[in-house]
Amino acid sequence: MSELPEPDNEIFLGLITANYDHLRRYIYTLLPSEEDSKDVLQEVCISISRKFADYDRSRPFLPWACRFAYFKVLKFQEQQRPRRMLRLPTEVLELLAVAREEEEPALAERLVALDKCLEKLSTSDRRLIQSKYVDRASTEQIAAAFSQSRRTLFRNLERVRRLLFECISRSVVIEGHS
């Protein structure tokens, strides 16, 4: 693999860094196994770096990168076919890919709202969300850390999810009307 010239390397790193989470979520939409998604994302990043000289900088980066991801997902599923029973047909993957691309602006808006809504939570509720979704601690670990029964933990998670959902929905509606 030939290395990118220094200015191109900096531009590539900036674009991939800025879009990494979007790309990861896009792949996860098409390939909902976390481990498989990570493997494909790594392959996508390598492919994009090799083909970056072909990127038309007058066009948005994310849709270009998503096309690489789409084809890598197809290739991954084809390679996995003998080992896996469940495989989505290509037509379904294409529909998911198109729908995901169309929803990207709304999803990005909801993520911004999520960040703001997380800040409004109590410290304890933020720690609960952090433990569950960022640290990916097991239910038993979280229950022990918070000195709660599993039942109480599930009720609290449901309460915080509802608070976040309502806050995000209000924020998106308010932003949409401003």
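Go through the residues of the stretch 120-130 one by one and say whether even a single one is at pLDDT below 90 and exposed (fewer than 15 other Cβ atoms within 10 Å of the Cβ).
Looking only at the stretch 120-130, we keep the residues that are at pLDDT below 90, and these are none.
Among the residues of the stretch 120-130, not one is at pLDDT below 90 and exposed (fewer than 15 other Cβ atoms within 10 Å of the Cβ), which makes the answer no.
In the stretch 35-53, how many are touching a Lys or Arg at 6+ places or on another chain (Cβ under 9 Å) and not hydroxyl-bearing (Ser, Thr, Tyr)? Full working, then the answer.
Our first condition is that a residue be touching a Lys or Arg at 6+ places or on another chain (Cβ under 9 Å); within the stretch 35-53, this holds for 37-38, 40-41, 43-44, 47.
After this cut, where a residue has to be not hydroxyl-bearing (Ser, Thr, Tyr) as well, the list is 38, 40-41, 43-44.
Number of matching residues: 5.
Determine whether the stretch 129-136 contains at least one residue that is among the aromatic types (Phe, Trp, Tyr) and outside the structural domain of SER33 (by TED's automatic domain parsing). Don't jump to the end; show me each part of the working.
Of the stretch 129-136, the ones among the aromatic types (Phe, Trp, Tyr) are 133.
Then drop every residue that is not outside the structural domain of SER33 (by TED's automatic domain parsing), which leaves 133.
Looking for residues that are among the aromatic types (Phe, Trp, Tyr) and outside the structural domain of SER33 (by TED's automatic domain parsing), one finds at least one in the stretch 129-136, hence yes.
I'd like to check something: does the stretch 53-69 contain any residue that is surrounded by 11 or more Cβ atoms within 10 Å (Cβ to Cβ), at pLDDT below 90, small (Gly, Ala, Ser) and within 20 Å of the chain's Cα centre (by Cα)?
Within the stretch 53-69, not a single residue is surrounded by 11 or more Cβ atoms within 10 Å (Cβ to Cβ), at pLDDT below 90, small (Gly, Ala, Ser) and within 20 Å of the chain's Cα centre (by Cα).
The values are calculated or read from the model by the stated rules, or taken from the named source; none is laboratory data. Not measured: the values here are computed from a predicted model. Quick reminder, even Gly has a Cβ in these numbers, built from the backbone with ideal geometry, and neighbours come from all protein chains shown.
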